[in-house]
Structure formats: structure tokens, C-alpha cells
1. Return the residues of region 62-80 that are in a helix (DSSP H, G or I) and out of contact with any helix residue (DSSP H, G or I) (no Cβ under 6 Å at 6 or more places or on another chain); say none if nothing qualifies.
2. Is it true that T127 is surrounded by fewer than 18 Cβ atoms within 10 Å (Cβ to Cβ), modelled with pLDDT of 95 or more and among the polar types (S, T, N, Q)?
3. Checking the conditions here, which among R196, R221 is under 21 Å from V175 (Cα atoms) and either buried (at least 16 other Cβ atoms within 10 Å of the Cβ) or at pLDDT below 95 (or both)?
4. Criterion first (hydrophobic (A, V, I, L, M, F, W, C) and either open to solvent by 60 Å² or more (accessible area, probe 1.4 Å) or more than 22 Å from the chain's Cα centre (by Cα) (or both)) does I169 satisfy it?
5. Here are some conditions: (1) in contact (Cβ under 8 Å) with a residue 60 or more places away in the chain; (2) in a loop (DSSP other than H, G, I, E, B). D5 meets all but one. Which one does it not meet?
6. Working carefully through the options V95, V85, V63, find the one that is modelled with pLDDT of 95 or more and farther than 27 Å from P161 by Cα.
7. Which condition breaks for A55 when tested against (1) in contact with a Phe, Trp or Tyr (Cβ under 6 Å, 6 or more places away or on another chain); (2) open to solvent by less than 40 Å² (accessible area, probe 1.4 Å)?
Amino acid sequence: MTTRDTNAWETDIGEVEKDDVIIRGHRLSQLIGNTSYSEMMYLVLTGKRATPGQARVLDALLVSVMEHGISPSSTITRMLASYGVPIQVGIAAGVTTFGDIQGGAGQQLALKLQSVVHRIAEDGEVTDESLQRAAKEIVADSRARREPLEGFGHPQHGADPRFPILMGIAKEEGVFSHHSTLLAHLEHELSQAVGRKIPANVDGAIAALILDLGFTWETTRIFLVAPRSVGLAAHYLEEVAQGNTWRHVPADQVNYTGPDPS
């Protein structure tokens, strides 16, 4: 493998000119006022212009995760706001809570969905039957390993209300494709295996829809980080407006379990 000269910089994304900025082959001066945030996001990440249907689905997805009340991410942001740190630090701290357990689980599922659909496509035609067989295998493997399947269930919702709305919009706009179909089969097979309905959540929706929109699994968490940053900003500002300072765990709620001094 040839080692790149790290002193040389190359990019297909954008170029700054004296009187304009070129972004993915388009002039920023012509994009402003004619391109929505979702359309611009699609262009910057893929280098392509989104269709109206793709833009609507992406917009719905971003709206669906912009705010979710007092949650792990907003709790951290509000705590830092109470310590007097700048707003961007509070937002960044909240965003860093998105990991494999909270907020970012869709990434693992997206990798799984993308890999399975790619494998089926390499072996032949991607059909509903082949996706159903793959879903059954994934669920069986997950249960054999005694590992939860990412993108299903929610600690605060019996059934995540955002999921059916997003999938409904995707179907209306013709975006619902192989990855979303595989997710639907996973939901059915999982429910069959455990004997009760375990509905997919918004992480599952993000995983399937970003792939059907043409993004890759590596981009999954971007679609939570970008919109939730706005929600975290609101929490930061509210915390400051409320005049809260030095949020912390009260001493009487901390149970010391170490040894007593000799």
C-alpha cells in the first residue's frame, strides 16, 4: 500500500474561492435559499442531489430524534451548563454519551443489515424470501449467543411511536427498500421467537432508512448527533435560564462500599 504524503491535502467535498464556495460541484451561492438543510446534508455526505422523496424521509428522520426529554445526553449537557462551561462544550459532552448502549445502537444494526443485503446480492437476486430467511438466521444466532438484537425495544416507550411514522413516510416516498424489508422481517421473527411483540425502535428505523437512502453504515450516528445537538442546545439554554448551578449527586445518595480506616 502506497503511503500518502500527509502534507498534501485533497478533497472532493468543497473548495473556497474568493467570491464563492464550491460544494460537491455546486455553487454555495446558488444552494442558499434553494436547498433545505436535509437536501444539503444529503449532498455533502453523498455528493448527489436528493430526490424530493429522499429529502422528505431524511427530514422526517432528523425531526424524529431532535429532542427526547431528560435523557442521558441532555442530563450531561444540563450538568455541564450548571458548571458554567461554554454552550458548545455542553453540547459536545451530551453527544459523547451516544454509544453502543444508548443512542448509537443503530450503528451495529446498520452494519448487520448492510452486510446481509450485500451478501444476498452477491449470491443472486435480493428477494423477500431471501430476506426473510436471513432474518430468521439472524434472530436464531442472536438468541443462541444470548445477545440482544440492536434496534428493538425501548426503556421509555412500550412501542416507539416514531418508528411506524417514519416507515410509513418511507413507503409513501418509495424509499422503503431491501434494508427496511429486512428490518420488518427481523421484527416478525424476533416476536415469533420470544412469543411476544418486541417492536423496532427509532435506532432500527435510522439503521434501515439511512441505508435505503444510499448512505453507508458508518454514517449512522451522524443522523442522531446532528439533530440532537439542537435539542441539547435547548436544554443547555433552559438550564442556564433556570439559574441552576453545580448539579451533582447529593452526598446522602452515595453509598460508600470501601473499607473503613484502620
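The values are calculated or read from the model by the stated rules, or taken from the named source; none is laboratory data. Keep in mind that what you see is a predicted model, and the values were worked out from it rather than measured. With ideal geometry, Cβ positions are generated from the backbone for all residues, glycine too; neighbour counts draw on all protein chains shown. To get the accessible areas, we keep the full protein, side chains included, count just its heavy atoms, and leave off ligands, DNA and RNA. Shrake-Rupley method; radii C 1.70, N 1.55, O 1.52, S 1.80 Å.
1. Once the filter is applied, which keeps residues that are in a helix (DSSP H, G or I) and out of contact with any helix residue (DSSP H, G or I) (no Cβ under 6 Å at 6 or more places or on another chain), region 62-80 yields V63, P72, T75, M79.
2. yes
3. R221
4. So I169 does not fit the description; no.
5. (1)
6. Step by step, each of V95, V85, V63 is checked, and only V85 is modelled with pLDDT of 95 or more and farther than 27 Å from P161 by Cα.
7. (1)
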